[in-house]
1. Bin width 10 Å, alpha-carbon pairs only: give the P(r) of region 65-192 as whole percents, running from 0 to the bin holding the largest distance.
2. With each label point set 7 Å from Cα along the Cα-Cβ vector, what nm distance links Gln76 and Asn126?
3. First measure r as the distance between the Cβ atoms of Lys160 and Asp61, then evaluate 1/(1 + (r/R0)^6) with R0 = 30 Å and state the FRET efficiency to the nearest 0.05.
Amino acid sequence: MTQDRSQAMRFLSFRVLLIPALSLFGALTINAQSSRPAPSPPAPPLGAASDRPEHPDFGADPGEDLRARLAIKADQKQHEENLARAREASELGTQLFEAYKTNKTLTADESKKLERMEKLVKKIRNDAGGQDNEDEANTSPGTLETAIKRLADLTNELRKDVEKTPRHVISAAVIDRANDVIGLIQRLRKLTH
């Protein structure tokens with residue numbers, strides 16, 4: 001009977017150890033399952049919309065994307081055209097001043113350059129958000145040479161203002177400078193006629 005009793009004790013101690021071991025194993029299994037990360041969604045097929053770089057101006061609608069891209073291109077083109085206009089106006093101002101220093105008068109060619117400059121500067125002013133101003137001729141330029149020198153300086157300053165102004169900014173400095181140039185051109189016409 002000692003042998004039966006000894007086997008019964010072993011069996012009982014085995015059960016006592018087995019139950020906590022199984023409980024521990026079950027707890028670890030449940031814990032491992034709850035901390036497992038969620039499976040990631042399947043990758044989108046190649047050529048899907050997610051292959052495009054994300055940009056805040058572009059949404060899910062391809063039509064809106066195209067319109068936004070076209071608007072950006074048009075805005076860039078307009079800015080580049082304004083830069084070209086400002087450079088041309090500055091060149092015309094320098095040419096007028098050099099021609100006046102040589103001839104001491106304004107010829108028909110210089111009058112055409114003044115007209116061209118006025119058109120360029122008005123376009124710059126309008127694109128910058130300015131409007132026609134009735135009060136453009138407000139001060140007397142003094143002598144013709146002083147006025148032409150001032151015109152060359154103003155067109156050079158206008159070019160610099162347009163170059164340093166970002167394309168999406170409305171610049172009061174550009175508008176004011178353009179108004180000054182237009183007013184001076186109008187006063188020059190009165191002095192030469």
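Quick note: the coordinates plus some simple rules give every number you see, no bench work behind them. All values derive from a computational prediction rather than experimental measurement. Note that we place each Cβ from the backbone using ideal geometry, even for glycine, and neighbour counts take in every protein chain shown.
1. Final binned percentages: 13, 44, 28, 11, 4, 1.
2. Distance between the two pseudo-spin positions: 2.5 nm.
3. Numbers: r = 41 Å, r/R0 = 1.36.
Step by step, r from the Cβ atoms, then E = 0.15.
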